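S.K.: Take a look at the following structure, please.
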């Protein structure tokens with residue numbers, strides 16, 4: 001048999017815990033088992049949280065108008081204007097030219113890392129965090145260092161830990177707000193302190209991942225860009241979570257650069273955007289309808305999500321072996337395994353749960369080997385009868 005062609009280190013070292021655990025779940029489904037999937041934050045996978053009709057209709061209208069051609073590399077002008085108006089409503093001066101439309105936030109991250117990072121540069125990201133913040137920087141010779149979120153204090157930012165880990169190699173300081181996977185929302189005072197730290201390092205730019213900003217149950221969400229007078233901030237957002245259309249793959253980055261220090265990086269980003277052509281044209285029209293038309297429908301979606309989250313918290317508190325800090329936003333619960341024997345290997349615990357009880361969650365160490373271990377992440381999006389069955393199975397597994 002011929003020797004296989006070697007894979008690059010950058011590809012073989014990538015892990016994406018949220019979807020990696022799907023592989024054994026698919027094998028079980030192929031054997032005829034019914035798997036309750038609580039692993040992925042896709043609202044469309046569950047009843048009661050559809051993409052709004054007016055957005056779907058505009059997507060269809062674009063198709064019927066034959067608006068299927070290549071669009072501008074930076075996004076449709078109409079959409080960029082609407083996004084800039086949306087960002088202005090959060091308290092900062094955003095122009096159309098500050099907005100770039102991408103294939104979701106994940107592509108925005110890949111482009112930003114490609115434009116900012118060189119060999120031995122550092123991305124300072126929260127732990128726990130969304131996995132691409134760990135996976136992508138190493139593709140460009142850089143590394144990710146995690147700063148701590150305080151697990152026993154509602155996952156508050158450990159500002160002292162950020163201070164200790166800041167140095168000249170840190171090109172990007174990341175704030176995921178609301179946080180995935182913990183659901184924590186940073187307070188205005190925390191954000192101001194984080195900005196104050198970044199001000200001491202002139203080569204540092206803040207990435208503010210705010211994709212869940214409309215799913216804020218605390219009413220404390222504040223845009224990072226609105227609080228920064230000197231430090232450049234790149235806000236990330238899109239259609240996937242708050243507009244309940246993840247498969248459309250439309251995101252954006254909005255640049256707040258008070259002193260124009262990112263002009264060379266921005267030129268690099270624009271070159272990359274042109275080289276990859278454009279984001280989906282009809283999907284951009286659908287997102288435009290979501291931004292321009294009434295958002296009253298979101299109140300019902302938010303209420304339904306919060307009700308399901310509260311049910312999950314109630315059940316977790318009733319089960320011996322589990323505990324959870326109450327999330328303030330998004331639609332995840334980052335659940336602590338309280339028994340030492342379960343904390344030793346949270347991935348094994350998750351796989352054992354999958355094989356014995358056919359419930360699929362994600363191991364916390366997949367979001368941070370250091371700060372996420374001993375936890376699992378689950379989504380609270382399924383209807384309550386599905387969640388009831390899932391918790392019955394989890395409780396049975398823990399008592400076995």
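S.K.: Cβ-Cβ below 7 Å, separation at least six or inter-chain, first residue in the stretch 58-79 and on the phi > 0 side of the Ramachandran plot and assigned by TED's automatic domain parsing to the domain that holds residue 107, second part of a loop (DSSP other than H, G, I, E, B) and surrounded by 14 or more Cβ atoms within 10 Å (Cβ to Cβ): which pairs?
M.R.: Going by the 7 Å Cβ cut-off, the qualifying pairs are 75/279.
S.K.: Anything in the stretch 51-83 that is surrounded by fewer than 19 Cβ atoms within 10 Å (Cβ to Cβ), in contact with a helix residue (DSSP H, G or I) (Cβ under 7 Å, 6 or more places away or on another chain) and assigned to a loop (DSSP other than H, G, I, E, B)? List them, or say none.
M.R.: 67, 68, 69, 73
S.K.: Also: Restricting the search to the stretch 244-261, which residues are modelled with pLDDT under 95 and more than 22 Å from residue 273 (Cβ to Cβ)?
M.R.: The one that is modelled with pLDDT under 95 and more than 22 Å from residue 273 (Cβ to Cβ): 244.
S.K.: Taking helices (runs of 4 or more DSSP H) that fall entirely within the stretch 290-395, which contain at least 1 residues that are under 30 Å from residue 51 (Cα atoms), free of Cβ contacts under 8 Å to residues at least 12 places away in the same chain and in the same structural domain as residue 32 (by TED's automatic domain parsing)?
M.R.: Once the helices (runs of 4 or more DSSP H) in the stretch 290-395 are filtered for at least 1 residues that are under 30 Å from residue 51 (Cα atoms), free of Cβ contacts under 8 Å to residues at least 12 places away in the same chain and in the same structural domain as residue 32 (by TED's automatic domain parsing), what remains is 296-318.
The values are calculated or read from the model by the stated rules, or taken from the named source; none is laboratory data. Computed from a predicted model, the values in this text were never measured in an experiment. Methodologically, a virtual Cβ is constructed for each residue, glycine included, from the backbone with ideal geometry; neighbour enumeration extends over all protein chains shown.
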